[in-house]
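Down below is the structure, laid out as structure tokens.
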Amino acid sequence: MRRKEIKLGQVTIGPGNPPLVLADIDMFFNQDIDLAKRTIESLVRDGVTTIKAAIVHTADFVLDDDSEEVYFDPERGMVKERFRDLIERKVVPIDQYKPIVDLYKSSGLETIYSVYDREGADYAVSADAVALKIPSSHITHEYLIKYVASLGLPMFLDTGKSDLSEIVRAVDWVREKHGGDRLIIQHSPLAPPKPL
């Protein structure tokens, strides 16, 4: 397949263009809207023009069971936490995203959003997303992938821990609805500390 240029707002990625390094604020501010604002202001001061954020307005995409996540916290070291509790700390209701989105826009930031459901995807489109991202946890979510592909924006597909057959199947779903000409396959490694 021939590599093509893809426009993400004012940024062009592809052969002959500089690499795009995305500042990923995702939902790392854990419902602290003031922290989100300070982070955004700092990124703008540092010359960032494109960011990756997320719309996590419900924890319902995570099982309410005893599954645990292990991650590194700079202050506490390795932490084990119930996964549902971790996600619930990140949930911001849709109607509370407006101040954050307004700050993205007023700061001139172009935003790529990770989305976890149709409502989040629709909100991201209404918030002038330059692209949408399917997180690695949703690479087997046929309905969401096809829905996001049908919206016509450039699309990121995070492969995460997926195997090759899951990646191929997800790409096929995108091609059914989108053609795949503005699809970016992204591999985000597992959170540190992980071996190379």
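One table, with the values for the structure above:
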item: Spin-label pair E142/Q186, simplified geometry with 7 Å Cα→Cβ offset, distance in nm; result: 2.5
item: Accessible surface of segment 1-75, 1.4 Å probe, proportion on carbon and sulfur as whole %; result: 49
item: Of K80/K105; K4/K37; K7/K177, pairs whose Cα-Cα distance is over 25 Å; result: K80/K105; K4/K37
item: For segment 79-86, Karplus couplings with θ = phi - 60° (6.51, -1.76, 1.60), whole Hz, Gly/Pro x; result: 10, 10, 9, 4, 4, 4, 5, 4
item: Spin-label model distance (nm) - D34 vs Q96, 7 Å beyond Cα toward Cβ; result: 1.5
item: Beta bridges by DSSP in the chain, antiparallel share as percent, to the nearest 5; result: 30
item: Value of [θ]222 nm, deg cm²/dmol, for the chain, DSSP H segments ≥ 4, -39500 (n - 2.57) each, nearest 500; result: -9000 deg cm²/dmol
item: Segment E68-R169, extension gain: residue separation times 0.36 nm, minus the distance between their alpha carbons; result: 33.6 nm
item: Built amide H within the under 5 Å cut-off of D117, gap 5+; result: none
item: Average accessible surface area per residue within segment 27-70, 1.4 Å rolling probe, Å²; result: 57
item: Percentage relative contact order, segment 1-133, counting C-alpha pairs under 8 Å, at least six apart; result: 26
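The values are calculated or read from the model by the stated rules, or taken from the named source; none is laboratory data. Since the structure is predicted, the reported quantities are computational estimates derived from the model, not experimental observations. A quick note on method: Cβ atoms are made from the backbone with ideal geometry, for glycine too, and the neighbour counts reach across all protein chains shown. Just so you know, the surface numbers come from the protein's heavy atoms only, side chains and all, with ligands and any DNA or RNA stripped out. Shrake-Rupley method; radii C 1.70, N 1.55, O 1.52, S 1.80 Å.
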